[in-house]
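For reference, the structure is listed below as structure tokens.
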């Protein structure tokens, strides 16, 4: 899996005529300069990096072709490989294998799709699941959230919103122009009245699952961080309850939150 760490932004609508013209131009450039550039790339990679460098160069091309195929064949793949309501193929920033893996996690592959997945697994075990890319551009099918992971005495800090039954890991969504640190600091101050310490802010992991209370195929992606804090934890804003939950309490939290519990369990931290 190739991870792309970048600031995400939704696509802007463009003039259809511009799209047609750019397609023609890119096709002409590919036909004319593609073979020369590819040959030079092979030689350059082999000289500079040996077999390893050549392999990395070819892998980048393979991923790019996979992304192109995900867009070019999206309608056919959506028809043949996934069940109705599954995660759609077609995100230009995502590979076919990544979309296949998401549908596998959701149990939304057709018989044909399962066959393709099994074939890929014979070549590369758990290929589609390992190919899921957590840095793809936003889409209506993925709810992108930030979460603050705090563990004390083998228990994980969780909160529950007013009117909700399930607990979740504290955090929320970014606002336009915010970095992860800015957005999570704002959310935690609003929810729990404490200040995160920037010098201790560290990435914990990405976790993705079916979004609770949403139609099948809508995923929630948690980008989690750990950080020390200043102040006393106390519920505020829309938070009705705060609890320190043990691993045996994992069923009380959202599906994505349960993955965090499992990860911490594997690290023997909870």
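In a GNM of the chain with a 10 Å cut-off on Cα contacts, which of 179, 131, 98 has the highest mean-square fluctuation? Result for the chain, Cα springs under 10 Å: 179 fluctuates most.
With both bridge residues required to lie in the chain, what share of the DSSP beta bridges run antiparallel, to the nearest 5%?
75
Calculated on the Cα set of the range 171-230, radius of gyration then Dmax: 13.0, 39 Å. Quick one: among 81, 244, 148, which has the greatest mean-square fluctuation in a GNM of the chain with alpha-carbon springs under 10 angstrom? Evaluated over the chain, the most mobile residue of the options is 244. First check a/c for the range 160-270, with a ≥ b ≥ c the square roots of the eigenvalues of its C-alpha gyration tensor; if it is under 1.5, answer rounded, and if not, answer prolate when a/b is larger than b/c or oblate otherwise. Because its axes are fairly even, with a/c under 1.5, the range 160-270 counts as rounded. Listed from fewest to most Cβ neighbours within 10 Å, the set 135, 225 follows the order 135, 225. The relative contact order of the chain comes to 17 percent, based on Cα pairs under 8 Å that sit 6 or more residues apart.
In the chain, the longest principal axis of the Cα atoms and the axis of helix 16-72 are about 90 degrees apart. Please give the FRET efficiency for residue 121 paired with residue 36, using the beta carbon to beta carbon distance and R0 = 30 Å, rounded to the nearest 0.05. In this case the efficiency is close to 0.20. Within the range 123-166, find all residues whose amide N lies under 19 Å from a label point positioned 7 Å from the Cα of residue 243 along Cα-to-beta-carbon. What the label zone holds, given the 19 Å backbone N cut-off, is 148-166. Would the chain count as rounded, prolate or oblate if I go by the C-alpha gyration tensor, calling it rounded below 1.5 in a/c and otherwise prolate when a/b exceeds b/c, oblate otherwise? Prolate is the answer for the chain, as a/c is 1.5 or above and a/b outweighs b/c. Ranked for footprinting exposure by Cβ neighbours inside 10 Å, fewest first, 121, 93 give 121, 93.
Please arrange 265, 223 by how many other C-beta atoms lie within 10 Å of their C-beta, fewest to most.
265, 223
Answer rounded, prolate or oblate for the range 16-130, using the Cα gyration tensor with square roots of eigenvalues a ≥ b ≥ c: rounded when a/c is under 1.5, else prolate when a/b is larger than b/c, else oblate. Verdict is oblate for the range 16-130.
With helices as the sole contributors, the chain gives -14500 deg cm²/dmol at 222 nm; each DSSP H run of n ≥ 4 counts as -39500 (n - 2.57), and the sum is divided by every residue. For the range 142-266, DSSP calls about 70 percent of its internal beta bridges antiparallel. Computed over the chain with a Gaussian network model linking Cα atoms closer than 10 Å, the most mobile of 128, 254, 45 is 45.
Read the figures in this text as sums done on the coordinates, not as results from a lab. Every value quoted in this text rests on a predicted model; they were computed, and no experiment measured them. Virtual Cβ from ideal backbone geometry, glycine too; neighbours counted across all protein chains shown.
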